[in-house]
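Each value in this text was obtained by applying a stated rule to the coordinates, not by laboratory testing. All values derive from a computational prediction rather than experimental measurement. Neighbour counts are summed over all protein chains in view; Cβ atoms, including those assigned to glycine, are modelled from backbone coordinates with ideal geometry.
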Amino acid sequence: MIIGRIVGNIVPAVCHPGLDGVRLLLCEVLDDQGNGTGKVIGTADWLGAGAGNTVLVVSDGDAAEANTNDPKIPLRNVVMGIIDDVEVDEA
Amino acid sequence: MRFGKVVGNVVLNHALSELEGSRWILVKPMSKAQFADTNSDEQSNDPSLVVYDRLGAKNGDVVGFTEGGEAMLPFEERIPIDAYNAIIVERVNYFGD
């Protein structure tokens with residue numbers, strides 16, 4: 001699972017039928033200190049994460065299948081949680 | 001899911017039997033700056049990759065593609081691919097920094 005910050009969303013013109021109506025957000029992967037790493041990925045979202053939220057993103061297809069019970073969706077990244085606080089030990 | 005711009009396509013003359021008649025587009029992954037302004041010339045240094053395409057993306061389109069094992073899910077039988085074009089993007093709303 002990775003930590004990311006929501007930095008945008010995507011409006012599809014044409015998409016795989018399984019992804020029709022799925023909320024697609026842009027999420028920048030964060031490093032330990034919470035700063036952006038410049039790597040932006042797309043994630044599906046059923047939790048209603050908003051702009052600037054720090055989120056927990058999984059990159060396995062089974063999570064998408066659990067949310068939509070459609071095993072045919074080509075989707076990996078799903079928002080699994082909205083993070084309240086991250087504590088990093090400066091060891 | 002990563003996003004990239006279609007920069008070309010690939011035609012195979014020999015391929016595995018399961019891959020007959022499929023369409024392959026060459027996609028250059030987008031850098032963070034390109035999300036803010038799609039024709040900014042700050043390119044990402046990720047290499048371009050070949051993506052299986054059934055949506056009919058043309059050159060210059062922004063596409064969202066799924067990588068890894070999940071790229072095989074839309075197919076009845078297990079096809080050996082690892083990048084599948086899932087979205088042709090209409091609009092990118094970017095409000096990061």
For this session: List the pair-distance distribution P(r) of chain B, using every Cα-Cα distance, as the percent of pairs falling in each 10 Å bin from 0 up to the bin containing the longest distance, rounded to whole percents.
Result: 16, 46, 28, 9, 1
Exercise. Hey, got the average number of other protein chain Cβ atoms within 10 angstrom for residues in A:70-78?
Worked result: 6
Seminar exercise, completed: With DSSP loop assignment and no more than 16 other C-beta atoms within 10 Å, the trypsin sites (Lys or Arg not before Pro) in segment B:55-97 are B:Lys58, B:Arg78
Problem set entry | Total formal charge among the other residues, if their Cβ is under 13 angstrom from that of B:Leu16, Lys/Arg +1 and Asp/Glu -1 | -2
Seminar exercise, completed: In this structure, the FRET efficiency calculated for A:Asp62 and B:Arg23 from their beta-carbon separation, with R0 = 35 Å, to the nearest 0.05, is 0.80
Exercise. What residues of segment B:1-24 lie in the reach of a label at B:Asp41, counting those whose backbone N is under 20 Å from a point 7 Å from the Cα along Cα→Cβ?
Worked result: B:5-8
For this session: Can you run the Rg to Rh ratio on the protein assembly as shown? Use alpha carbon positions and the Kirkwood inverse-distance Rh.
Result: 0.97
Exercise. What list of ³J(HN,Hα) values in whole Hz, one per residue of segment A:23-32 in order, does the Karplus curve 6.51 cos²θ - 1.76 cosθ + 1.60 (θ = phi - 60°) give from phi, with Gly and Pro shown as x?
Worked result: 6, 10, 10, 9, 9, 8, 6, 9, 8, 4
Seminar exercise, completed: Whole-Å distance linking the alpha carbon centroid of segment B:17-54 with that of segment A:19-38 is 18
Exercise. For chain B, what's the relative contact order in percent, using C-alpha pairs closer than 8 Å and at least 6 residues apart?
Worked result: 30
Problem set entry | Convex hull of segment A:23-91 built on C-alpha atoms - directionally averaged projected area, nm² | 5.2
Problem set entry | trypsin sites (Lys or Arg not before Pro) lying in DSSP loop within segment A:1-39, provided at most 15 other Cβ fall within 10 Å | A:Arg23
